[in-house]
Amino acid sequence: METLSFEFDKRQMGCKKTGTGPVVILLHGFGEDHHIFSSTVAALEKNYTVYTPDLPGTGMSFIQRFPSNFSIEYLADSIAALIQHEKIDNCIMLGHSMGGYTTMAFAKKYPQYLKGFGLIHSTALPDTPIKIENRLRGISFIEKMGAAKFLETTIPNLFGTYTKENQYQLIDAFIEKSAAHSADALIAYYHAMIQRPGLTSVLENTQLPVLFILGAEDIAVALDDTLPQTKMPNTAYLYVLENCGHMGMLEQPNLFNNAILDFLDKVNA
């Protein structure tokens, strides 16, 4: 495993790289960092070159003061900077949750770099008014109680019933790892997600294969809201994980990793 450093917007960003073969870029979500894909990286690295960056504001890509133009598109621009730094001709990009929003913004702005892309427990829809209200409430909570307390309170809701009843140690471990996130970063991410546009037009117009991994019990990105999006691309691959909420890579790692491998193998056949 190699640690890369590259510059974006006069800031140093960090990324892990491992493996050999066609390039795959995995983008983490809100309250996560590159470690969220540890088991997936282990499953892919024998046949693929895997990049797992920390998005601007997280971990190796810490930001002291967030720029006024911070947005989901800004996150996508940072991944373009990584690709240009590494001289990557093309890749498959898969994003979890907020990482999926970033993937969609990237697919709109930089399709020339993509062989395929995927939404992992994510959506091309904009925030609903209810979702915006919940995020604004979350911002108020973070400002009063701090990032660690906010994530400790909200993370359990991301998991399905089976996980909460039988594997709570997974949730505890995730909460412990999330404690390093700054309040400023979480607030900046929430504002960026609130302001992002809907990008279903990207799904409707793309000629690239698109992967969808959804959780049957996901309350953050509801199955019923996302299923219609799987009909939009010309070529789409859908995997619905049973007994799973929003965190397939932790709740159903074998099924999750096999779904990604299956997609990568088909696109690179």
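Across the stretch 82-95, which residue is surrounded by the most Cβ atoms within 10 Å (Cβ to Cβ) among those that are in contact with a strand residue (DSSP E or B) (Cβ under 9 Å, 6 or more places away or on another chain) and over 12 Å from Ile25 (Cβ atoms)?
His85
Here is a yes/no grid of residues against (1) acidic (Asp, Glu); (2) surrounded by fewer than 18 Cβ atoms within 10 Å (Cβ to Cβ):
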position: Glu32; (1), (2): yes, no
position: Asn47; (1), (2): no, yes
position: Leu55; (1), (2): no, no
position: Leu75; (1), (2): no, no
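If I ask for residues that are buried (at least 19 other Cβ atoms within 10 Å of the Cβ) and among the hydrophobic types (A, V, I, L, M, F, W, C), which ones from the stretch 184-207 would you list?
Within the stretch 184-207, Ala185, Leu186, Ile187, Ala188, Ala192, Met193, Leu199, Val202, Leu203 qualify.
Look at Ala147 and say whether it is small (Gly, Ala, Ser), surrounded by fewer than 17 Cβ atoms within 10 Å (Cβ to Cβ) and more than 27 Å from Asn243 (Cβ to Cβ).
No: the conditions fail for Ala147.
Contact list please: Cβ distance under 7 Å, first residue in the stretch 241-269 and without any contact (Cβ under 8 Å) to a residue 60 or more places away in the chain, second residue of a type in the set (Phe, Trp, Tyr) and assigned to a helix (DSSP H, G or I), pairs at least six apart or on different chains.
Leu241/Phe256
Being within 17 Å of the chain's Cα centre (by Cα), farther than 17 Å from Gly29 by Cβ and either charged (D, E, K, R) or at pLDDT below 95 (or both) is the filter here; which residues of the stretch 162-204 pass it?
Hits for the stretch 162-204: nothing passes.
Look at the stretch 60-103 and say how many of its residues are in contact with a Gly (Cβ under 8 Å, 6 or more places away or on another chain) and in a helix (DSSP H, G or I).
Here the count works out to 8.
Here are Ile175, Ile194: which of them is in contact (Cβ under 8 Å) with a residue 60 or more places away in the chain and hydrophobic (A, V, I, L, M, F, W, C)?
Ile194
Within the stretch 4-31, take every residue that is among the small types (Gly, Ala, Ser) and touching a Ser or Thr at 6+ places or on another chain (Cβ under 8 Å) and give me the one that is nearest to Gly116 (Cα to Cα).
Only one residue tops the list, namely Gly21.
Go through the stretch 190-209 and give me each residue that's hydroxyl-bearing (Ser, Thr, Tyr) and in contact with a helix residue (DSSP H, G or I) (Cβ under 6 Å, 6 or more places away or on another chain). So that I can check it myself, show each step before the final result.
First, the residues of the stretch 190-209 that are hydroxyl-bearing (Ser, Thr, Tyr): 190, 200-201, 206.
Within the stretch 190-209, Tyr190 is the sole residue that qualifies.
The values are calculated or read from the model by the stated rules, or taken from the named source; none is laboratory data. Since the model is a prediction, treat every value here as computed from it, not as a measurement. Glycine also receives a Cβ, built like all others from the backbone with ideal geometry; neighbour counts cover every protein chain displayed.
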